[in-house]
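Here is the structure we will look at.
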């Protein structure tokens with residue numbers, strides 16, 4: 001890439017309005033150009049297959065059909081020159097481990113500021129691996145764990161979905177149901193249903209017990 005050329009960015013997110021909000025945040029930087037927005041995995045696969053040219057993709061994780069981690073693995077194996085940075089609300093160990101294993105070059109949370117996102121993009125293209133602070137901390141924990149795959153096995157045993165783990169993570173940060181609903185663009189009733197399912201799967205009766213069990217089993 002020539003020094004004067006714009007950095008060609010792709011965004012993958014099944015929620016189009018979120019992808020557009022990310023594009024808007026990046027529009028203030030003249031050195032960036034959002035060349036393609038993919039509503040889910042399939043359009044991005046077709047775009048690249050038809051010769052679409054991107055330097056870097058900002059990738060969401062939870063999507064119907066092929067999720068962001070599966071898509072990352074597919075793109076990394078077919079188009080290794082395209083860098084991928086996960087841009088998600090998930091900061092649980094399972095997602096981090098699987099994203100790194102799939103070939104992601106960086107892992108940033110969606111509340112990352114526009115300036116931090118720009119730095120992360122540039123760092124990735126210069127060979128770095130940008131991570132939000134909480135992600136970097138959990139990555140170090142994963143490296144210290146002699147068998148990180150145990151994390152996946154534990155989660156599988158409880159049959160928690162990615163969304164339920166996400167709700168647990170936000171509960172652990174002291175978020176109210178209403179705040180979680182706004183953060184995830186869901187109704188408060190849907191969040192309450194997720195929490196009810198979490199209690200059943202973890203065999204607990206309240207939030208304190210749920211968070212304690214989740215931490216004990218390295219789910220969060």
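Values computed for the structure shown
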| read-out | value |
| --- | --- |
| Degrees separating the helix 93-102 axis from the principal Cα axis of the chain, which is the longest one | 30 |
| Cα-based equivalent ellipsoid of segment 1-55: semi-axis lengths in Å, sorted from largest, via gyration tensor | 20, 16, 5 |
| Kirkwood Rh in Å, taken over all unlike Cα pairs in the chain | 18.2 |
| Ranked by how many other beta carbons lie within 10 Å on average, peptides 111-119, 206-214, 5-13 from highest | 5-13, 206-214, 111-119 |
| Over segment 16-119 - Rg/Rh using Cα atoms and the Kirkwood inverse-distance radius | 0.93 |
| Per-peptide average of other Cβ atoms within 10 Å, ordering 31-37, 88-94, 173-179 highest first | 88-94, 31-37, 173-179 |
| Folded to 0 to 90 degrees: helix 207-216 orientation relative to the chain principal axis, Cα | 70 |
| Hull shadow area, averaged, segment 149-216 [alpha-carbon convex hull, nm²] | 4.3 |
| Fewest-first ranking of 218, 192, using other Cβ atoms within 10 Å as the exposure measure | 192, 218 |
| Packing rank of 95-102, 197-204, where each peptide gets the mean count of other beta carbons within 10 Å, highest leading | 95-102, 197-204 |
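Since every read-out is calculated from the coordinates, none of them should be taken as a lab result. Computed from a predicted structure; not experimentally measured. When we count neighbours, we look across all protein chains shown, and the Cβ atoms used for this are built from the backbone with ideal geometry, even at glycine.
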